[in-house]
Each structure stands twice: as structure tokens, then as C-alpha cells.
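Okay, so here's the structure we're looking at.
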Amino acid sequence: MPPFLRGMNLGLLCDSEDSEESRLFKHAATALGARVTLIAVNVAELRGAEDDSLRKTARVLGRLYDGLECQVSEPALVERLRRTAGIPVFHGLAWPGHATARLTERLAGAASAQAKRLLILQGALLFALLNHASGSAGGAPDAMP
């Protein structure tokens with residue numbers, strides 16, 4: 001696949017890069033040419049952060065990265081980051097319960113479920129990141145549950 005996301009840096013906010021979801025997200029993004037940086041996070045610290053501190057953190061992340069995948073189970077925390085970061089912020093894009101996984105189940109074809117899942121993730125990344133970079137996006141396709 002062409003490196004459509006060459007030169008883009010994505011942050012992966014998660015507890016462990018050893019999880020299947022982290023590996024899947026990283027594989028989908030790097031296959032498109034993006035660089036993915038693991039950001040080890042203490043969810044309790046972020047959750048307890050004052051609004052001003054979290055806004056500053058989100059702004060810094062928005063300057064460092066072109067997109068952010070949050071693999072934390074705190075929707076309110078992810079929404080707080082999304083409001084201030086100024087970049088596409090995904091919430092569990094590679095999780096089995098995400099809408100992208102449900103879409104994979106509906107795809108016909110001979111490809112394996114894993115290959116279909118990878119293509120769906122890559123499509124979501126391309127849509128959000130390239131539209132955001134061109135200034136015409138309404139945000140990440142993360143309005144999905």
C-alpha cells in the first residue's frame with residue numbers, strides 16, 4: 001500500500017503496547033507510512049488532572065502529533081482531550097467493540113477477517129488524517145461508539 005501518511009506522527013495513548021489492539025493500530029498506521037509513538041499513560045493521573053492541566057497536555061499532544069489514538073476506557077477523558085488537542089483523537093479505534101470492528105463483520109469477500117479489519121482501520125485513519133490535514137474534515141470518524 002502506498003505510504004499515504006508518510007511524515008505523519010501519531011500518538012498511541014495506552015497502558016501497554018503489547019495488547020492486540022495496540023499492535024493492530026500500530027500495524028495499520030505504519031503500513032500507511034505514519035510513525036507511531038507509544039505514550040504510556042496513568043489514567044488515574046489524567047482523570048484527576050485539573051481542567052487547565054489537561055488542556056495544556058492536550059495542546060502539547062496536538063503540537064507533537066497529527067493524530068492521537070486513546071486506548072483508555074475513559075470516554076469523558078478522551079472527550080476532554082479531543083476538545084482541546086486540535087487534531088483527530090480516536091477512542092479505541094482498534095478495539096473489538098468499536099464500530100469499525102462491527103463494520104468489518106459486514107464486509108463480504110474472500111479476505112480474512114484480520115485483513116478486512118486492517119483495511120477498515122486504514123480507511124478510518126486516511127479519512128480523518130488526510131481530511132484534517134487539508135482543513136476540510138469535521139474531525140475523526142470517532143463519533144462512532
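The values are calculated or read from the model by the stated rules, or taken from the named source; none is laboratory data. No experiment lies behind these values; they were computed from the predicted model shown. All Cβ positions, glycine included, derive from the backbone under ideal geometry; neighbour counts span all protein chains shown. With ligands, DNA and RNA removed, areas are computed over all heavy atoms of the protein, side chains included. Shrake-Rupley method; radii C 1.70, N 1.55, O 1.52, S 1.80 Å.
Within the range 58-78, the set of residues being more than 13 Å from the chain's Cα centre (by Cα) and open to solvent by 50 Å² or more (accessible area, probe 1.4 Å) comprises Arg59, Val60, Arg63, Leu64, Ser73, Pro75, Ala76. Each residue in the range 44-90 was checked for being of a type in the set (Lys, Arg), free of Cβ contacts under 8 Å to residues at least 24 places away in the same chain and more than 18 Å from Asn131 (Cα to Cα), and 1 of them qualify.
Considered as a group, the residues in the range 125-139 that are more than 15 Å from the chain's Cα centre (by Cα) and not in a helix (DSSP H, G or I) include one that is farthest from Ala58 (Cα to Cα), and that residue is Ser136. Among the residues of the range 27-45, those that are under 14 Å from the mean Cα position of the chain (by Cα) and open to solvent by 80 Å² or more (accessible area, probe 1.4 Å) comprise His27, Arg35.
Just the residues that are of a type outside the set (A, V, I, L, M, F, W, C) and open to solvent by less than 70 Å² (accessible area, probe 1.4 Å), please, taken from the range 83-97. Once the filter is applied, which keeps residues that are of a type outside the set (A, V, I, L, M, F, W, C) and open to solvent by less than 70 Å² (accessible area, probe 1.4 Å), the range 83-97 yields Thr84, Gly86, Pro88, His91, Gly92, Gly97. Just wondering, is there one or more residues in the range 30-39 that are at pLDDT 95 or above, in a helix (DSSP H, G or I) and more than 15 Å from His91 (Cα to Cα)? Within the range 30-39, one or more residues are at pLDDT 95 or above, in a helix (DSSP H, G or I) and more than 15 Å from His91 (Cα to Cα). Determine, yes or no, whether Gly7 is within 15 Å of Val89 (Cα to Cα), in contact (Cβ under 8 Å) with a residue 12 or more places away in the chain and touching a strand residue (DSSP E or B) at 6+ places or on another chain (Cβ under 9 Å). No; evaluated as a whole, the condition is false for this residue. Within the range 98-124, the only residue that satisfies the criterion of being outside any helix (DSSP H, G or I) and touching a residue at least 24 places away in the same chain (Cβ under 8 Å) is His98. Scanning the range 125-139 for residues that are without any contact (Cβ under 8 Å) to a residue 12 or more places away in the chain and open to solvent by 70 Å² or more (accessible area, probe 1.4 Å) turns up Ser134, Ser136, Gly138.
Out of all the residues in the range 62-78, which are in a helix (DSSP H, G or I) and out of contact with any Ser or Thr (no Cβ under 9 Å at 6 or more places or on another chain)?
Within the range 62-78, Arg63, Pro75, Ala76, Leu77, Val78 qualify.
Taking Ser16 and the conditions (1) open to solvent by less than 20 Å² (accessible area, probe 1.4 Å); (2) in a loop (DSSP other than H, G, I, E, B); (3) of a type in the set (Ser, Thr, Tyr), which numbered condition does it fall short on, given that it satisfies the others? All conditions pass for Ser16, except number (1).
May I ask you to list the residues in the range 1-13 that are in a strand (DSSP E or B) and not small (Gly, Ala, Ser)?
Filtering the range 1-13 down to residues in a strand (DSSP E or B) leaves 9-13.
Of everything in the range 1-13, those that are in a strand (DSSP E or B) and not small (Gly, Ala, Ser) turn out to be Asn9, Leu10, Leu12, Leu13.
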